[in-house]
Amino acid sequence: MKSFGFLSFGHYDNGGDLDAGQMLRDAVEISVGADELGVNGASFRVHHFATQAASPIPLLSTIAGKTSRIEVGTGVIDMRYENPLHLAEEAAALDLLSDQRVALGISRGSPEPALRGWEAFGYEDHTEPKAANMAREKFDRFLRAIRGEELAPADPQQFGPGKRLRIEPHSPGLERRIWWGAGSASTAEWAAQQGVNLMSSTLLTEATGAAFGDLQAEQIARYRQAWSAAGHEWTPRVSVSRSIFPITTDLDDLYFGRRGPGQGDQIGIIDDTRSTFGRTYAGEPDKLIEELQADAAIQAADTLMLTIPSQLGVDYNLHLLESFAEHVAPALGWVPAGAH
């Protein structure tokens, strides 16, 4: 592990103290504080028709404008809800404004509250109910735009015959900071073939009885094998996400230290598929270091994303990030942002 960042779901409560506006302001403040700590990334989940973070580009743009080192990104954008060329325009503009600090995670997405909610956004897939094919087709078009491919015929009255146009603005190198969120080994192999980084999901659509970290490590190994076979000319990045809470104060112990036994991996059903969900790590720093060093996927990945309890406010979340940065991350190989 060389880098660590945070991943926020951006929960809020309409009518409560933590409404959508306060959630967004808190997200900016947490990111600014994390940047000062040397945390490497600030990422946000994207959900629609839910009281959670959505429409990430305005939030990431605000964070980028108030920080200098931290990567800004998503984990993940549900491509079923997106216009790929519009997203490519916004991503490139954000990347240029942030001095190439964008790290966008994209995928088919997880189940949403709305039934086939992408149809309400104006998109349809008549081939299968989960719209996975549509998501991958849109992602292909998005990547082609990001890479500067000329996708639209120009008006011959303005440019003459045969001219084609690319999306503007174009941000060179952005294609190497696009990630695909993969929930299975086969999807990770597909991501490698596309030439994008791997964001290993917070759950895997596999349940073999093996530990979540071992399943993820196998997924990462297969991704890297597929990357090598594809012949890409650069080294990709791999991230995993975990809930990790160092217990350094009485309040930490109150929130996370009294969880009792049996806090291991969990098996559940998602999208009608038996899946494995990773465990929560909570304990004193020395214990956490030992446990995290034994997590095969954390050892295999170069980037670790900490899922944070954003509802607990700015001060407490920055305390958690500072505790991890001071007491745990150095033992895992962490290099603070700006220290390269």
Amide H proximity to Val76 below 5 Å, modelled H, separation 5+ or other chain, gives Val46
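Rounded, prolate or oblate for region 1-107? Axes are the square roots of the Cα gyration tensor eigenvalues, ordered a ≥ b ≥ c, and the cut-off for rounded is a/c under 1.5. Display every interim value, and only then the final one.
Details: a/c = 1.64, a/b = 1.07, b/c = 1.53.
Since a/c reaches 1.5 but b/c is at least a/b, the shape of region 1-107 is classed as oblate.
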Non-local residues with an amide H under 5 Å from the amide H of Gly283, with H modelled 1.01 Å from N and Pro and chain starts lacking one, are Phe245, Ile247
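Share of the chain's accessible area from carbon and sulfur, percent, 1.4 Å?
Details: 7320 of 15250 Å².
Carbon with sulfur: 48 percent of the solvent-accessible area.
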Stretched fully, the stretch from Leu96 through Glu124 gains (0.36 nm per residue minus C-alpha distance, one decimal, in nm) 6.9 nm
So the angle from the long Cα axis of helix 20-37 to the longest Cα principal axis of the chain, reported in degrees to the nearest 10, equals 70
So, with points 7 Å from each Cα along the Cβ direction, the Trp190-Thr235 label distance in nm works out to 2.8
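For the chain, what is the calculated [θ] at 222 nm in deg cm²/dmol (nearest 500), taking -39500 (n - 2.57) for each run of four or more DSSP H residues and dividing by its residue count? Numbers along the way, then the final one.
On the way: 12 runs with 127 residues, N = 340.
The helix-only estimate for the chain comes to -11000 deg cm²/dmol at 222 nm.
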If the chain between Lys287 and Ala154 were fully extended at 0.36 nm per residue, the gain over the current Cα-Cα distance would be 41.7 nm
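Rolling a 1.4 Å sphere over the protein heavy atoms, what is the accessible area per residue of region 1-70, to the nearest Å²? Don't skip to the end; give the middle numbers.
Numbers: 2770 Å² over 70 residues.
It amounts to 40 Å² per residue over region 1-70.
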Full extension between Arg25 and Ala331 adds, at 0.36 nm per residue less the Cα distance, a length in nm of 106.9 nm
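The values are calculated or read from the model by the stated rules, or taken from the named source; none is laboratory data. Model, not experiment: these values are computed from the prediction. Glycine gets a Cβ as well: all are built from the backbone with ideal geometry, and neighbour counts include every protein chain shown. Heads up: the accessible areas ignore ligands, DNA and RNA and are worked out on the full protein's heavy atoms, side chains in. Shrake-Rupley method; radii C 1.70, N 1.55, O 1.52, S 1.80 Å.
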